[in-house]
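To start, the structure under review is shown below, and the notes come after it.
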Amino acid sequence: MYEFAVTPAVTQLRRPGVTVDRVEPESIADQLDLESGDRIVRVNGRPVRDYLDFRFQTSGETEMTFLVRKTNGESWEIDLERDEGEDFGLEFEQIVPRQCANECLFCFCKGNPEDARPSLFVRDEDIRLSFLYGNYTTLSSITPDEMDRIIEQRLSPQYVSVHATDLKTRAYLLGVDQERADIFDKLERLLENDIEIHAQVVLCPEINDGAQLEKTLRDLAAHHPKIVSTAIVPVALTRYNNDERLTRVTPKFCQKTIAEVGKLQEEFFGKLGTRFAFLGDEIYIKAGADIPAREHYGDYPQIEDGVGMVRSFVNEFEALLASIQGSKFKVQNSKSDPKKNIRTNELAIKPDKQNLEHETLNFELSSLKATIMTGEMFAPILSEQIEKLNKLVGSEHHVLAVPNTYFGGDVAVAGLLSGQDFIAVKDQVVGDFVIIPEHVIKSDEPILIDGMQFDELKAAYDVPVYATDLFELLRTNLQSSPG
Ligand code: SF4
């Protein structure tokens, strides 16, 4: 899930227009005396609600009129001309997420500790963020205006949490009445207008599994290729989810699901040329089953939902090892999987990392001795790869599985580890430094999920702690390592 720099966003009232965040020096916007904080309210008389509207209203236009509300309260009407495709030199505020009106049984917000950082309580349900970042919406409270907007502005693909096509089951899962849960006319309209959909099922044992899941997958696959893929991810319950209607996912349940969905995947592959329904990595890991091969996933349509992420990692790591072997430790260009960020649209505003402290860690490849921390789920997979690296280059890395005591329950993914979880294992550190996953630090601020400052965590350790992308670290250092 894309996490917002939400503190101002959730408290802001919606005002007309879109706020300028930054103006590029000597750009068109600069020459027009636009400044940070100005709001562009209309383009050619048409209202602008956000930067997607701005892009849509200005796309292909070379002559236009902006109505601008300046920070001092003045209104300016600006006529301007530009060459075709010329950039305005404007950066805009993030989109304020629209909130959902559901009460899903398994909503992650209900499983958060009270002191989790505010952005984790944002129940976003926003078709713009679905288009930009691949966030799922349920479409259950989408307005007619939003429907029109998806179609008019071609906000495709959309990522939709369907969960079940049986209406009663869907309504039960979303905690809404059946009228609200019924999205099939809306889906139909989007599909008729060539909007692509990627569907999601959060799999809840005894509710939408078994025959219900088969019905859902068959109903959705009937609309392939416009419904492109379906991700099936297991419900993850923290120790704060006490709803008795929910059953935890067990290894046996995962094995049964793999067998059932496996049959459908082969059937779909024969008919559609794609397996269409993809199980989350966690299901294979929990079942103790092998992760499917690369070709199983096609172009990894839902990788950011944890579907194929492990396969992508293992293949990428093995390619890196092969490069090391082939080049006597001088890796010049070990390519990332080009499909990895498939869900994040190029129009999406990326968090500004400028304020984050990113230290460079340089080392002699063969003298490495570090503790690499990750979640319990991924640790065995990472450990196997790191062992291969150790053998190849003579390093002595150690992978440490960090239990998630902050959320507890079924939560074993690296991305939800908290500052206190890392501190709880500090006595198990071996080697000269510690690496923690880069994404446990908020993207635009150096804090962890429990609000702990990264500096506070570092101060608790006797050795340096780096929050970094392991691949980038290895690539950088392999390139500078002596052959
Ligand atoms: S749609 Fe459901 S799971 Fe998503 S934020 Fe809303 S209540 Fe939570």
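The values are calculated or read from the model by the stated rules, or taken from the named source; none is laboratory data. Here the structure is a predicted model, which means the values were calculated and not measured. Ideal geometry is used to build each Cβ from the backbone, glycine not excepted, and the neighbour counts take in all protein chains shown.
Data overview
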{"quantity": "Qualifying positions in the stretch 372-394 - part of a loop (DSSP other than H, G, I, E, B) and either of a type in the set (A, V, I, L, M, F, W, C) or buried (at least 19 other Cβ atoms within 10 Å of the Cβ) (or both)", "calculated": "MET377, PHE378"}
{"quantity": "Hits in the stretch 241-276 (condition: farther than 15 Å from ILE207 by Cα and either assigned to a loop (DSSP other than H, G, I, E, B) or not assigned by TED's automatic domain parsing to the domain that holds ILE291 (or both))", "calculated": "ASN241, ASN242, GLY273, THR274, ARG275, PHE276"}
{"quantity": "Residue list for the stretch 434-483, restricted to those being modelled with pLDDT under 90 and farther than 30 Å from VAL122 by Cβ", "calculated": "LEU473, LEU474, ARG475, THR476, ASN477, LEU478, GLN479, SER480, SER481, PRO482, GLY483"}
{"quantity": "Neighbours by Cβ (under 6 Å, 6+ apart or cross-chain): first from the stretch 84-101, not assigned by TED's automatic domain parsing to the domain that holds LEU120; second among the acidic types (Asp, Glu) and at pLDDT below 90", "calculated": "PRO97/ASP124"}
{"quantity": "Some residue of the stretch 183-194 being within 15 Å of the ligand (Cβ to nearest atom) and under 13 Å from ASN102 (Cβ atoms)", "calculated": "yes"}
{"quantity": "LEU132, sole failed condition from (1) farther than 30 Å from GLN420 by Cα; (2) in contact with a helix residue (DSSP H, G or I) (Cβ under 8 Å, 6 or more places away or on another chain); (3) assigned to a loop (DSSP other than H, G, I, E, B)", "calculated": "(3)"}
{"quantity": "Selection count, the stretch 420-438, where residues are within 23 Å of the chain's Cα centre (by Cα) and within 23 Å of LYS110 (Cβ to Cβ)", "calculated": "1"}
{"quantity": "Single residue of the stretch 152-182 satisfying the filter (within 16 Å of the ligand (Cβ to nearest atom), outside any strand (DSSP E or B) and among the hydroxyl-bearing types (Ser, Thr, Tyr)) that is farthest from GLU196 (Cα to Cα)", "calculated": "TYR172"}
{"quantity": "Meets criteria (touching a residue at least 12 places away in the same chain (Cβ under 8 Å), assigned to a helix (DSSP H, G or I) and within 14 Å of the ligand (Cβ to nearest atom)) for ARG149", "calculated": "no"}
{"quantity": "Options GLU103, GLU86; residue that is loosely packed, with under 13 Cβ neighbours inside 10 Å, within 16 Å of the ligand (Cβ to nearest atom) and not polar (S, T, N, Q)", "calculated": "GLU103"}
{"quantity": "Lone qualifier among LEU417, LEU474 - being within 22 Å of the chain's Cα centre (by Cα) and in contact (Cβ under 8 Å) with a residue 12 or more places away in the chain", "calculated": "LEU417"}
{"quantity": "So SER140, is it within 16 Å of the ligand (Cβ to nearest atom), farther than 24 Å from GLN153 by Cα, surrounded by 14 or more Cβ atoms within 10 Å (Cβ to Cβ) and hydroxyl-bearing (Ser, Thr, Tyr)", "calculated": "no"}
{"quantity": "Complete set of residues in the stretch 167-202 that are within 15 Å of THR230 (Cβ to Cβ) and in contact with a helix residue (DSSP H, G or I) (Cβ under 7 Å, 6 or more places away or on another chain)", "calculated": "ARG170, ILE197, ALA199, GLN200, VAL201"}
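The rows are residues; the columns are (1) of a type in the set (S, T, N, Q); (2) over 20 Å from GLN200 (Cα atoms); (3) within 16 Å of the ligand (Cβ to nearest atom).
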{"position": "ILE78", "(1), (2), (3)": "no, yes, no"}
{"position": "GLN94", "(1), (2), (3)": "yes, yes, no"}
{"position": "ARG98", "(1), (2), (3)": "no, no, yes"}
{"position": "ASN112", "(1), (2), (3)": "yes, yes, yes"}
{"position": "PHE121", "(1), (2), (3)": "no, yes, yes"}
{"position": "SER130", "(1), (2), (3)": "yes, no, yes"}
{"position": "GLY134", "(1), (2), (3)": "no, no, yes"}
